[in-house]
Amino acid sequence: MKRVMVRYKLKPDQVETNEALVRAVFDELHADAPTGFGYATFKLDDGVSFVHIVDEEDGQDSSLSDVKAFAKFREAIRDRCDEPPVASELHEIGSFRLFERGRGGT
């Protein structure tokens, strides 16, 4: 199991574009329903900072990198940012229902 959090800060005029690209990723994920990973994106209170969390199971055939809309999202991410993406692997100490598959979330 590998969990990664990516945080970045957008240029204010790029928020709408970024959100549209993120929504396209989720549209593709919901349509194709790949297995082997979970993914979530959050916008922080400042309105320009975003956090993405990916939860990938070991040994799976599919990953977020295989999603075409995600590749398009990543193409010009640095150009959209005031602070570039920083990835950090998350090492779980404990959780309660946060990462359960199939619990009826979106």
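The values are calculated or read from the model by the stated rules, or taken from the named source; none is laboratory data. If you're wondering where the values come from, they're calculated on a predicted model, not measured in any experiment. Quick reminder, even Gly has a Cβ in these numbers, built from the backbone with ideal geometry, and neighbours come from all protein chains shown.
Computed values, structure above
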{"quantity": "Qualifying position, being free of Cβ contacts under 8 Å to residues at least 60 places away in the same chain, surrounded by fewer than 10 Cβ atoms within 10 Å (Cβ to Cβ) and over 23 Å from M1 (Cα atoms), among D13, D61, D27", "calculated": "D13"}
{"quantity": "Flag if A20 is over 28 Å from R97 (Cα atoms), loosely packed, with under 14 Cβ neighbours inside 10 Å, free of Cβ contacts under 8 Å to residues at least 24 places away in the same chain and not β-branched (V, I, T)", "calculated": "yes"}
{"quantity": "Enumeration of residues in segment 7-58 that are in contact with a His (Cβ under 9 Å, 6 or more places away or on another chain) and under 19 Å from D79 (Cβ atoms)", "calculated": "R7, Y8, V22, T41"}
{"quantity": "Residue among A31, A24 that alone is within 14 Å of the chain's Cα centre (by Cα), among the aliphatic types (A, V, I, L, M) and at pLDDT 95 or above", "calculated": "A24"}
{"quantity": "Unique match (being in contact with a strand residue (DSSP E or B) (Cβ under 9 Å, 6 or more places away or on another chain) and part of a helix (DSSP H, G or I)) among T17, T41", "calculated": "T17"}
